[in-house]
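These notes are about the structure you will find just below.
No lab work stands behind these numbers, since they all come straight from the coordinates. Note that the structure is predicted; figures quoted are calculated from it, not measured.
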Amino acid sequence: RQPAGRQLQALLAGWRERAAPDELPLQPPHHWDDAGWLANRWAELLPMPTADRQRLMEMDNPLLRLELVVDRLDALRDSATP
């Protein structure tokens, strides 16, 4: 499993191959080493109910928020794996 920051960088790299820079959902500056920034970007991008997204974004602890995001990423990966 890749760290959440690397997963997001890989996703952005794929988008860069298919879209103009101003059309990308993530615009610089990128804060790959900031748990709060990473958690917020993933919360914006991951498919989840609005209420779940709101609860996640309202959390004060960025490390816990990122941990919950990683749990969602793992669940998505596991559901996509046959």
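Using C-alpha pairs below 8 Å separated by at least 6 residues, the relative contact order for the chain is 26 percent. Taking the chain as a Gaussian network of alpha-carbon nodes connected by springs under 10 Å, the highest mean-square fluctuation of the residues Ala43, Ala35, Ala20 belongs to Ala20. Between (i) 1.10; (ii) 1.71; (iii) 1.14, which matches Cα Rg over 2.2 N^0.38 Å calculated for the structure shown? Matching the structure shown: (i).
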